[in-house]
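Structure, as structure tokens:
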Amino acid sequence: MTPRRPEISTVWQAIDLYLAVAYPQTPPSAVQNKLHTLKLLGAEDFWEADVFERDHVVGTTRYGLRLGNFFYPHMKMSIDARPDARGFLFRADTHDRHCCPAPETREFDLFCELMDRNQKLAGEIEASWAEHGLPTFKTYLKNDLERRARESPSTYAPR
């Protein structure tokens, strides 16, 4: 079963909040062009747009939109299926963990600094989404724990 995708208006809200944090100035033209492409599409074509990076062709559970940030062009806004498959949530994917240089190389320290900056920015983006009521993995976990505590108070009670 493919989870229900978020409303397109919610995706645009997530994009706007992402950009407000990721770019103190106007985003680069490559990002603007992707967004222009999405704006031209109707609702029936939106999720099939080539600007999305998908995990599968059929039954997609993750949509990536490479929006970057002002110092790293590969960061993505990811729209991921919730763990319970009852919808999607938003995640800022730093897209930098898979290519870290070896510790003995001279690039290692600089790359670690880049990863730290990306992680901080991703946290700010996700906090902004949460403040505006958009679902993130952290808000999913919080809500899930609260639900479990209501259903089984003795199991999830603080010790």
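Things to note:
- Full extension of the chain between ARG117 and ILE8 yields a length gain of 36.3 nm, computed as 0.36 nm times the residue separation minus the alpha carbon distance.
- Under 13 Å from a label point set 7 Å out along the Cα-to-Cβ vector of LEU110, no amide N atom of the stretch 1-39 is found.
- Of the GluC sites (Glu not before Pro) found in the stretch 39-132, those in coil by DSSP whose Cβ has at most 16 other Cβ atoms within 10 Å are GLU48, GLU104, GLU107.
- Computing FRET efficiency as 1/(1 + (r/R0)^6) for GLN32 and ALA85, where r is the C-beta to C-beta distance and R0 is 25 Å, gives about 0.15.
- Euclidean distance between Cα centres, the stretch 109-153 to the stretch 1-32, Å: 17
- Within a Gaussian network of the chain (alpha carbon springs, distance under 10 Å), most fluctuating of ALA127, ALA149, ALA20: ALA149
- Amide H within-cut-off set for GLY87, under 5 Å, with H built and near neighbours excluded: ARG4, ARG82
- Lysines with Cα under 26 Å of LYS39, excluding same-chain neighbours fewer than 8 positions away: LYS76
- Reduced Cα scattering model of the stretch 1-105, Debye log10 I(q)/I(0), q = 0.13 Å⁻¹: -0.51
- Relative contact order, percent, the stretch 42-159 [alpha-carbon distance under 8 Å, six or more residues apart]: 15
- Restricting the chymotrypsin sites (Phe, Trp or Tyr not before Pro) of the stretch 60-100 to loop positions (DSSP other than H, G, I, E, B) with no more than 15 neighbouring Cβ atoms within 10 Å leaves PHE70, PHE71.
- Whichever lysines have a C-alpha closer than 22 Å to that of LYS142, once near sequence neighbours (fewer than 8 apart) are set aside: LYS120
- Top of ALA81, ALA102, ALA49 by mean-square fluctuation, Gaussian network on the chain, Cα under 10 Å: ALA102
We did not get these values from a lab; they are worked out from the coordinates using the rules stated. Everything quoted here is computed from the prediction, not taken from an experiment. As a convention, Cβ positions derive from the backbone with ideal geometry for all residues, glycine included, and neighbour counts pool all protein chains shown.
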